[in-house]
1. Give me, ordered by chain and number, the residues 5 or more places off Val78 or on other chains with an amide H under 5 Å from its own placed amide H.
2. On the Cα set of the chain, report Rg and Dmax in Å, please.
3. Using only Cα atoms, find the angle between the long axis of helix 3-32 and the longest principal axis of the chain, and express it within 0 to 90 degrees, rounded to the nearest 10.
4. Of the DSSP beta bridges with both residues in the chain, give the percent that are antiparallel, rounding to the nearest 5.
5. Quick one: 3J(HN,Hα) in Hz for region 63-77, Karplus 6.51/-1.76/1.60 with θ = phi - 60°, rounded, Gly and Pro as x.
6. In debye to the nearest 20, how big a dipole does the chain give about its Cα centre with +1 on each Lys and Arg Cβ and -1 on each Asp and Glu Cβ?
7. Would you mind getting the accessible area per residue of the chain, heavy atoms of the protein chains only, 1.4 Å probe, in Å²?
8. Using θ = phi - 60° and the Karplus form 6.51 cos²θ - 1.76 cosθ + 1.60, what ³J(HN,Hα) does each residue of region 87-93 get, whole Hz, x for Gly and Pro?
Amino acid sequence: MNEVMKKTVLLWESIALLLVVVAVAAFFLPLADGIFMPREPDEIVVRMSIKESGGFDPEVITVKKGQTVRLVLISMDVSHGFTVEGLDIDVKIVNPEKKVVVEFTPEEEGVYMFKCTVQCSPLHHYMRGLFIVEG
Ligand SMILES: [Cu+2]
């Protein structure tokens, strides 16, 4: 092989190697999500309203330990509050027509209770639900 051919072969080998590296990286990159790159918080919309059947939609919120969650709290009628007992989530007031967004990263697995903290109506004490942190 002369010099030109050697260089041409080397060039094509380099391109082939590069393609292999890109293919392998493209395969493994999704697995690295959350390790090398910050993940977007999981967004959960929570609607609150006066009802005999709980008053929260959803009534069960399930999140993953270590994964930041963005709670979007919306009141469908009057002012409500939102607190999760045992966790660092305590929104004093959520007024109708004005959503409140809180971000939280659960560090402990467990089942917690959340409830309304504003005396919103005679059905106020029905306003509760479960906040589950899975491992
Ligand atoms: Cu209430």
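The values are calculated or read from the model by the stated rules, or taken from the named source; none is laboratory data. Predicted model, so just to flag it, every value in this text is computed and none were measured. Quick reminder, even Gly has a Cβ in these numbers, built from the backbone with ideal geometry, and neighbours come from all protein chains shown. The area values use the complete protein model at the heavy-atom level, side chains included, leaving out ligands, DNA and RNA. Shrake-Rupley method; radii C 1.70, N 1.55, O 1.52, S 1.80 Å.
1. Here Ile50 satisfy the definition.
2. 25.3, 92
3. That works out to roughly 10 degrees.
4. If we restrict to bridges inside the chain, about 60 percent are antiparallel.
5. Result, ordered by residue: 10, 9, 4, x, 9, 5, 10, 10, 8, 10, 9, 10, 8, 8, 9 Hz.
6. The calculation lands at about 260 debye.
7. In whole numbers, the chain has 66 Å² accessible per residue.
8. 10, 8, 10, 8, 9, 5, 8
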